[in-house]
Amino acid sequence: MGPLSRLIAYTVENARDSWLIQATLDDMVKFSRTIALQWRQTKISEVDVSEEEMFFDHVTLQRTLPTLWKVLRSALFATTIVLRSVIGRVLGDANLAHHEGLLITLAQGT
């Protein structure tokens, strides 16, 4: 996800049309909501860290959970890289800074 997120960030920084920035932000909000919703729907999210050994077998604790956390951490960092570029464009571009829809999306995304 790292190289892809850096490519998207580069594209955001160099996009000429401001609507592309809005579309990117909308896509990032949808992606974040989807990840959060899917996480809440898994049984793993219901298990407290202190109870993991009671509910999970050895293979799950040694392989599955570390891999899952690695994927989620990668998604978080990729999202952060792209959003950093979006915020940079909003701060540096007067047209984007005055765009009401963009400000509403930024406020809802938090």
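Descriptive notes on the structure:
- Verdict on residue 75 being modelled with pLDDT under 90 and of a type in the set (A, V, I, L, M, F, W, C): no
- Selection status of residue 35, of a type in the set (A, V, I, L, M) and without any contact (Cβ under 8 Å) to a residue 40 or more places away in the chain: no
- Figure legend. Inter-residue proximity from the range 1-29: first residues under 10 Å from residue 86 (Cβ atoms), second residues hydroxyl-bearing (Ser, Thr, Tyr), beta-carbon distance below 6 Å, spacing 6+ or different chains. Indicated pairs: 9/85; 12/24; 12/85; 13/85; 25/105.
- Residue match in the range 52-68 (condition: of a type outside the set (Ser, Thr, Tyr) and within 18 Å of the chain's Cα centre (by Cα)): yes
Residue-wise test of (1) under 30 Å from residue 95 (Cβ atoms); (2) surrounded by 13 or more Cβ atoms within 10 Å (Cβ to Cβ).
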{"position": "3", "(1), (2)": "yes, no"}
{"position": "20", "(1), (2)": "yes, yes"}
{"position": "24", "(1), (2)": "yes, yes"}
{"position": "28", "(1), (2)": "yes, yes"}
{"position": "44", "(1), (2)": "no, yes"}
{"position": "54", "(1), (2)": "no, no"}
{"position": "58", "(1), (2)": "no, no"}
{"position": "72", "(1), (2)": "no, no"}
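- Residues located in the range 1-44, provided they are charged (D, E, K, R), within 30 Å of residue 55 (Cα to Cα) and part of a helix (DSSP H, G or I): 33, 40
- Of all the criteria given as (1) loosely packed, with under 13 Cβ neighbours inside 10 Å; (2) assigned to a helix (DSSP H, G or I), the one not satisfied by residue 90 is (1).
The values are calculated or read from the model by the stated rules, or taken from the named source; none is laboratory data. Computed from a predicted structure; not experimentally measured. Here Cβ is always computed from backbone atoms with ideal geometry, including for glycine, and neighbour counts include all displayed protein chains.
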